[in-house]
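S.K.: Submitted below is the structure of interest, expressed as structure tokens.
Read-outs throughout are calculated quantities, based only on the coordinates presented, and are distinct from any laboratory measurement. Computed from a predicted structure; not experimentally measured. Ideal geometry is used to build each Cβ from the backbone, glycine not excepted, and the neighbour counts take in all protein chains shown.
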DNA sequence: TAAAATATGTAGACCGATCTATTATGAGGT
DNA sequence: ACCTCATAATAGATCGGTCTACATATTTTA
């Protein structure tokens, strides 16, 4: 593929990722992606012959993996799951606030917008959420939690919901409130 | 305003509400709203001189009040808060599934799409979420729950997150998993 | 009460801007 | 010379919004 080509492709994905995190599928207009990345129009359709949907799909997947890796890294330094969730909430809250309440979950907006109308994008969103949930479930199971599957899904819903409310209110308050209550939800973890 | 005018205005709001619930702000194109409502273009800008943003704002507020009322009605028939939340999850899950995984929360998508770029729409979303949270908080306080504010925010985040995951996976599973775990979160309610 | 004036609302052609996508062309690296 | 990739012009559809014309009520005035 060549060094240069790979770099252009990466810049396109990065710019798309950035715009998606702020405004979802429709917030990432092709023109804005091109301007932000500095790439010419033809290059986009060379590297992503599937057009915008392919571009968005790969961007969501990449962003999902980045966050997944971030969570796993955090998991290595924090011993208890409650602390891990609190850490994730804090980290994502920092990101959200530092971006002027723009950058929330890179998957959520696209999922809500497109899951019902685009099978490929729905699959990507489902897959990313599934991988995050799996990470949490494994961690809970290793902790000896009695209901790892249900609890993992609940924790993920909690984080996603808190992030949504924080963006809607332009405030960390929902994140803080949820963080305080997570411990209760995880009762019975290591009895 | 006249009987006919009021009716046209209502049809425009209803059509917009419907489209928003499926696809958010950008899913509710003006042309689609006009086609679905049967109203002519001129009527839209007569009844909503603020254009699309006013139309969407009023639709989100209306949809928010409808769900708020639904929750309060359910609260009258279900004694415990855990049951209330489970009931809400079941009801919204029915709606989501019956619509072919299209109709989720009427506020969430618009909030994620527009909160960062439109002050008026951000305010509407924040206000609706605030009113729902207030309903939950009052209920928890009446139950004698020790942390009504934190818990109300957490329950709302939980419901919103579960609804998001359900739409992303096109499955009730997240809703069911969360419903099973809500009881644990509400421990200490009536000690 | 009849006629005139005004307010309310419908109807759709039309506009510029923006959207994603296609195309033809040619430079640059291997 | 060959494939990779960049470049820009442009297509064609759709976006939200404005405009004028017209119909129907409602109010004012004589």
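S.K.: Considering only residues that are within 9 Å of DNA strand C (Cβ to nearest atom) and either under 24 Å from residue A:111 (Cβ atoms) or within 19 Å of the chain's Cα centre (by Cα) (or both), which ones fall in the stretch A:32-48?
M.R.: A:32, A:33, A:44, A:48
S.K.: Would you be able to tell me the number of residues in the stretch A:49-101 that are within 17 Å of residue A:19 (Cα to Cα), surrounded by fewer than 19 Cβ atoms within 10 Å (Cβ to Cβ) and more than 13 Å from the chain's Cα centre (by Cα)?
M.R.: Adding up the residues that qualify gives 8.
S.K.: What number of residues within the stretch A:105-124 satisfy the criterion of being in a helix (DSSP H, G or I) and farther than 12 Å from residue B:101 by Cβ?
M.R.: Adding up the residues that qualify gives 8.
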